[in-house]
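Just below is one structure, and these are the notes that go with it.
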Amino acid sequence: MELIFTVFITISYVLTPGASGATSLFNVVHYGAVGDGKTDDSAVFSKAWKATCNAPSRNPILIIPETKIFLLKPVTFSGPCKSTSIHVLMSGNIVAPNSKMAWKGFHINRWLAFTHVNGLTIIGSGTINGRGAAWWSQPCLHKVPKGVTCKRPTALTFYRCNGLVLKGIRHINSQRNHITISNCKDVTFSNLHISAPKTSPNTDGIDISGDDCIAISSDSSHINITGIACGPGHGIREALEMHGGSHSRKSGSFEPIAPIIIDQYYCPSRVNCKNETSGIRISDVSYRSIIGTSTTDKVINLSSDQNVGCTDIQFNYVYITPTDVPGKKAYAFSFNAHGNYTHTSPVVKGVQA
C-alpha cells in the first residue's frame, strides 16, 4: 500500500535567496547544490538551512526542488530559528553515501537530524533513501574486537522539535531506524510511505516492510499517527530499547496498524537481560479502528514496568488475527497495564480498570 500526498502551493512572486517579507524562499540550488546524486551537497544544504533558520520573515521555506537527487553526508539542521514556523518543501530526493566511510569524523548514530526547531513542517513527495544495505550485515566502520557492538545511523532524527509536522514523504532503506523522535511535543505524521526489506535488521519506521513499524523514544508527547499500513514487522512498539529511567510518554493515538506492543522489558539481544524496576511512564494511549494480522499468536503485548505501570490504555474496534500459526488462537497479554477495551478481539482481559 502506498499513500500519495499532493501539495499545492501558490506563490505570486519569486524571491531571491535571503530576501525578506511575509514569506521567503530558500532554494538549495540557488546556494550551489548540484543534485546529480554524486556530488556532496551537504555544505550547501547547511548554508541554505542557516539562511532559512535565520530569516526574519514569518514563514520561511527551504525548497528542495524536484527532478534532482541530492547526496548528503551526515548533517544536522539546528535551531532555534527566528521564525516560529519553518517549512521544508521536499519535492526532490535525498540519498545517503554508498560508503560507510563517509561517516568518518561524524557521529555514527545518525544521518539527517533536526534539533531544537519548533514549528517545523516537512512536506512534499520526495524520497529519502538511506542506502542502508551496506550497514545491515556489519554496523561498524572498522573491524572491532570480539564482543564489541556498534550502532548503525538513524536516517532521520528529530530532537526537541515541538509542533512538528511530517507529511507525504517517501522513506526507504534506512541504515537503522527510519525516523526517531525524542523530546518532542505536539507531533503529527501523516501520509508517509516507509519501506525496507523484511530482512533488514531493526529498521524501525512507519508504514514499513522492515522491523518495528512505529518506535517512539522517551520524553515525547501528543503524538498523532494516522493512515498507516504496516507489515511485516513488529507493528506498534512503545518504549523499546530502553530500560529504567524516569521519562514519560503521554497522549498518543494510532489508526490503523497491527500488531501492538508496549514492552518496557525490551531486550533485542535476549542476552543478560535485566528486570529493571523503574521504567518509562506511559499513559493516555488509544488504539482505534485497527484491523491486522500477526505472524505470532500473541497479537497484543502490554508488558509494563512492575512499579510504574501504564495507565489509561484504550482499545476501540481492534481486531487482530494470527497468520502462519496453525492450530493456535490469537491472544492478548497484559501486565500492570490499566485502561479498558471495547469491540476488541482478542479481548485484553489483563487490562485493569
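Some points to look at:
- Here GLY350 fulfils each of the conditions (1) of a type in the set (Gly, Ala, Ser); (2) more than 17 Å from SER283 (Cα to Cα); (3) in a loop (DSSP other than H, G, I, E, B) apart from (2).
- When every residue of segment 64-76 is checked against the conditions, at least one turns out to be in contact (Cβ under 8 Å) with a residue 60 or more places away in the chain, loosely packed, with under 15 Cβ neighbours inside 10 Å and in the same structural domain as ASN162 (by the TED database).
- Whichever residue in segment 16-55 is touching a Ser or Thr at 6+ places or on another chain (Cβ under 7 Å) and open to solvent by 30 Å² or more (accessible area, probe 1.4 Å) and, among such residues, is modelled with the highest pLDDT: THR23
- Any pair with Cβ under 7 angstrom, 6 or more apart, that starts in segment 111-130 at a residue that is under 15 Å from THR180 (Cβ atoms) and ends at one that is polar (S, T, N, Q) and surrounded by fewer than 19 Cβ atoms within 10 Å (Cβ to Cβ): ALA113/THR76; THR115/THR76; THR115/SER78
- Within segment 75-109, tally of residues that are of a type in the set (A, V, I, L, M, F, W, C) and in a helix (DSSP H, G or I): 3
- Only a single item in (1) farther than 19 Å from PHE106 by Cβ; (2) in a loop (DSSP other than H, G, I, E, B); (3) open to solvent by less than 10 Å² (accessible area, probe 1.4 Å) is not met by LEU166, and it is number (2).
- If you go through segment 182-193 and pick out every residue that is open to solvent by less than 10 Å² (accessible area, probe 1.4 Å) and in contact with a Phe, Trp or Tyr (Cβ under 6 Å, 6 or more places away or on another chain), you end up with 1.
- Residue, surrounded by the most Cβ atoms within 10 Å (Cβ to Cβ), within segment 87-106, restricted to residues that are over 19 Å from the mean Cα position of the chain (by Cα) and at pLDDT 95 or above: GLY92
The values are calculated or read from the model by the stated rules, or taken from the named source; none is laboratory data. Small disclaimer: the values here were computed from a predicted structure and weren't measured. With ideal geometry, Cβ positions are generated from the backbone for all residues, glycine too; neighbour counts draw on all protein chains shown. Only protein heavy atoms, including side chains, enter the accessible area calculation; ligands, DNA and RNA are left aside. Shrake-Rupley method; radii C 1.70, N 1.55, O 1.52, S 1.80 Å.
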